[in-house]
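Before anything else, here's the structure in question.
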Amino acid sequence: MKFPYVVLDIEASKRPCFKPWHTGAFLSSVGIEFPDFTSKTWFFNPLVGDEKKNLQEIVEILSNTEELVGHNIKYDLLWLLHLNLHIPPRVYCTMIGEYLLKGQQATGELSLNSVASFYGEGQKVDGMHEWWERGVNTDKIPISLHQAYLKQDVALTHRIYLKQKERILKFGLKPVADLTMAMTPILAQVELTGAPFSKDKAIHFLEEAKASTAKSNQRLQDIIGIEFNPSSSTQLQAILYGGTFQRDAVETYEVTLKSGIVKTKTRKIKENVVCPGVGFECPSSGISKKTGKPSVNKKLIASFKCKNKQQEEIKELLLQRSLTEKMVSTIAGQNGDKGWLSVLSDDNRLHGNFNQTFTKTGRLSSSDPNMQNLPRSGTSPLKTVFEAPPGKVIINADLAQIEWRGAVELSRDQTMLDELLHDFNIHSDNAVKLLGANAEDEHSSDENIRKKFKQIRTTAKLCSFRLLYGGSAYGFYMSPDMPNYPLKKWEYFVDGFYEKYPRLKEWHAEMQAKAFEQGYLRTPSGRFMHYGDVDFSDDKQVKEWKRQVCNYSVQSFCADMLNAACVEIIRILKLLKIDAKLILLVHDSLVFECDEKDAKIVIKVCSETFKHIPDLIEQRFGYKIITPIFGDCEIGFNYGDIKEVTEDTVEEVLAKLRNKDN
């Protein structure tokens with residue numbers, strides 16, 4: 001019998017061992033409701049049912065189903081994929097459907113009961129959780145209760161699905177819903193596959209980080225001439241700004257015994273240390289309103305304007321310590337947060353969650369652990385721990401400058417478009433015309449001159465990207481990430497930028513006016529963009545609202561471009577029967593693990609698909625992109641040491657990487 005759709009729910013072992021890669025996890029039950037509202041349940045406790053027969057019956061149903069429906073269906077897909085069961089051609093997730101209908105704003109109101117209540121369908125009586133909270137695992141919960149729970153789940157989801165589908169069509173969200181839900185089984189497979197992780201490299205990094213931090217601490221004490229703990233905010237406050245702190249010390253004292261013998265003893269004490277400070281000043285914005293004490297966080301330290309070489313070295317050492325500590329906490333965990341090592345599975349792979357309903361733009365987020373907490377570019381110890389198994393390579397396929405290109409496309413600024421069409425060096429030009437760099441310095445024979453130009457160019461690039469979303473001269477002047485230029489120079493840059501790209505500024509104003517009038521905007525893919533409640537008498541809220549109006553539309557459109565490319569790349573690789581595993585989605589990159597022999601094909605498929613994103617978007621949404629879109633590929637044996645590559649240079653690049661390792 002053929003089914004246009006079925007509604008499915010899977011229950012497994014209780015948390016925290018509830019996903020297929022968790023040690024001790026097991027499938028407990030499956031419930032399915034059919035279009036005629038009849039349902040069936042299967043249990044996988046060997047004392048209750050025939051597991052092999054159950055799976056055969058489920059496979060038969062799924063093999064004859066066009067669309068699989070569920071609430072948070074990505075979790076159910078994990079188990080279906082783990083068991084190598086058939087996945088129907090389409091999936092529909094009522095949690096994602098509601099997320100889209102509410103304009104990416106209802107991230108905290110997407111549970112099955114919350115959505116069911118919204119549609120007037122009542123709520124599921126959750127008796128199972130009471131047993132789980134008492135420590136009873138799923139297979140030991142009474143079958144009658146378990147079965148009722150399954151049937152309620154699929155019945156509620158079924159009724160939500162029917163109502164939601166009508167609203168998805170009514171509000172023109174079907175194309176973006178189809179794309180978003182096409183990503184769901186792909187993400188389930190990414191989570192199930194996991195990313196290859198070198199435990200040895202991670203432990204080696206932690207050892208090196210410990211030694212590096214100790215060296216930095218000693219250097220700081222040598223420069224300042226006071227023994228202190230840089231990890232203590234109280235002590236660091238006194239060191240940077242002047243003041244007093246207490247530190248542990250050992251005091252020697254004498255005791256005269258009854259026999260008249262004098263013995264020398266020691267005891268631990270707290271001693272006061274008076275610090276003159278090293279000359280840094282904390283701005284009023286850095287003073288805690290609660291404690292009245294100055295901040296010593298990384299962002300504030302980065303904003304320090306150094307007056308001498310000593311301050312420059314202190315600032316650099318503190319920022320380096322902060323970066324190292326962040327990387328250590330990512331790998332080892334900190335303050336109760338789990339690090340990568342603590343969640344590493346027995347298969348030596350990291351399995352993170354890729355969340356489709358957490359952000360306000362439709363972009364993915366990641367958690368438990370965060371697999372996107374990685375630098376955008378350059379080498380990093382955090383990235384080198386993702387190491388391909390023998391015979392495999394890592395390929396990073398990145399959409400080049402996609403946020404810039406997305407803003408060009410949406411604003412249709414002619415100058416920006418012409419620069420892209422003619423492959424113009426945008427940021428070098430802005431560095432010269434707006435920040436006063438010498439154009440000849442970019443190609444100077446003097447390495448120091450080239451380095452200085454590169455620094456100015458990087459500043460121009462960073463400012464240009466921020467201005468896509470309405471940055472300001474004063475914001476640059478106050479930013480810790482920016483050079484210590486006078487305010488007038490920043491004003492010259494911003495004025496010159498918008499004179500060069502006038503349509504971009506007009507687009508910002510149009511978007512803000514439309515969002516103010518309607519209360520929402522829509523992207524070319526049809527997503528609703530809401531911006532929350534704003535008090536327009538509050539300048540701070542208005543400033544943030546303006547930034548969001550410009551930012552969310554670009555981010556959202558970029559997310560859908562990457563999703564469209566990802567779905568197409570996976571489709572083509574399957575047709576070609578190439579065993580390339582998508583293991584990470586980081587920022588605007590797709591990261592694959594594949595056999596070295598298949599690298600050329602994977603690179604070609606990714607590169608060609610990126611070029612055809614305009615066609616994919618037009619096919620899905622009827623929107624014609626006029627801005628050129630393309631991507632770059634990199635290859636390596638680990639994710640932290642990858643080099644730019646084309647399908648014609650694979651052997652050459654890999655040979656250089658091998659020689660480097662040897």
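The values are calculated or read from the model by the stated rules, or taken from the named source; none is laboratory data. Quick caveat: nothing in here was measured; it's all calculated off a predicted structure. For neighbour counting, all protein chains shown are included, and Cβ atoms are generated from backbone atoms with ideal geometry for every residue, glycine included. Just so you know, the surface numbers come from the protein's heavy atoms only, side chains and all, with ligands and any DNA or RNA stripped out. Shrake-Rupley method; radii C 1.70, N 1.55, O 1.52, S 1.80 Å.
Need the failing condition index for Arg90 against (1) surrounded by fewer than 19 Cβ atoms within 10 Å (Cβ to Cβ); (2) more than 16 Å from Asp178 (Cα to Cα), just the number.
All conditions are met except number (2).
Now, a different point. Mind checking which pairs have a first residue in the range 230-252 that is under 21 Å from Lys268 (Cβ atoms) and a second that is open to solvent by less than 30 Å² (accessible area, probe 1.4 Å) and assigned to a loop (DSSP other than H, G, I, E, B), Cβ under 6 Å, 6 or more apart or different chains?
Gln235/Phe228
Within the range 212-240, work out how many residues are open to solvent by 50 Å² or more (accessible area, probe 1.4 Å), within 19 Å of Glu313 (Cβ to Cβ), assigned to a helix (DSSP H, G or I) and out of contact with any helix residue (DSSP H, G or I) (no Cβ under 8 Å at 6 or more places or on another chain).
Residues flagged as open to solvent by 50 Å² or more (accessible area, probe 1.4 Å), within 19 Å of Glu313 (Cβ to Cβ), assigned to a helix (DSSP H, G or I) and out of contact with any helix residue (DSSP H, G or I) (no Cβ under 8 Å at 6 or more places or on another chain) within the range 212-240 amount to 4.
Can I ask one more? Can you tell which of Leu382, Leu420 is touching a Pro at 6+ places or on another chain (Cβ under 8 Å) and under 26 Å from Met327 (Cα atoms)?
Numbers: Leu420 fails: under 26 Å from Met327 (Cα atoms).
Going through Leu382, Leu420 in turn, just one is touching a Pro at 6+ places or on another chain (Cβ under 8 Å) and under 26 Å from Met327 (Cα atoms): Leu382.
Here are some conditions: (1) among the β-branched types (Val, Ile, Thr); (2) under 27 Å from the mean Cα position of the chain (by Cα); (3) open to solvent by 40 Å² or more (accessible area, probe 1.4 Å). Ile402 meets all but one. Which one does it not meet?
(3)
Residues checked against (1) out of contact with any Gly (no Cβ under 7 Å at 6 or more places or on another chain); (2) in contact (Cβ under 8 Å) with a residue 60 or more places away in the chain; (3) buried (at least 19 other Cβ atoms within 10 Å of the Cβ):
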site: Glu109; (1), (2), (3): yes, no, no
site: Val115; (1), (2), (3): yes, no, yes
site: Ser144; (1), (2), (3): yes, no, no
site: Ala155; (1), (2), (3): yes, yes, yes
site: Tyr161; (1), (2), (3): yes, yes, yes
site: Lys170; (1), (2), (3): yes, no, no
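Which of the residues spanning the range 486-504 are surrounded by 17 or more Cβ atoms within 10 Å (Cβ to Cβ) and assigned to a loop (DSSP other than H, G, I, E, B)?
The answer is Tyr501, and nothing else.
Go through the range 261-317 and give me each residue that's touching an Asp or Glu at 6+ places or on another chain (Cβ under 9 Å), under 30 Å from Glu251 (Cβ atoms) and open to solvent by 40 Å² or more (accessible area, probe 1.4 Å).
Val262, Lys263, Thr264, Lys265, Thr266, Arg267, Lys268, Ile269, Lys270, Glu271
Which numbered condition in (1) touching a Phe, Trp or Tyr at 6+ places or on another chain (Cβ under 9 Å); (2) surrounded by fewer than 17 Cβ atoms within 10 Å (Cβ to Cβ); (3) among the hydrophobic types (A, V, I, L, M, F, W, C) is the only one that Leu344 fails?
(2)
Which residue out of Phe592, Phe630 is open to solvent by 20 Å² or more (accessible area, probe 1.4 Å), farther than 17 Å from Thr180 by Cα, in contact with a Lys or Arg (Cβ under 7 Å, 6 or more places away or on another chain) and of a type in the set (A, V, I, L, M, F, W, C)?
One residue alone meets the criteria, Phe630.
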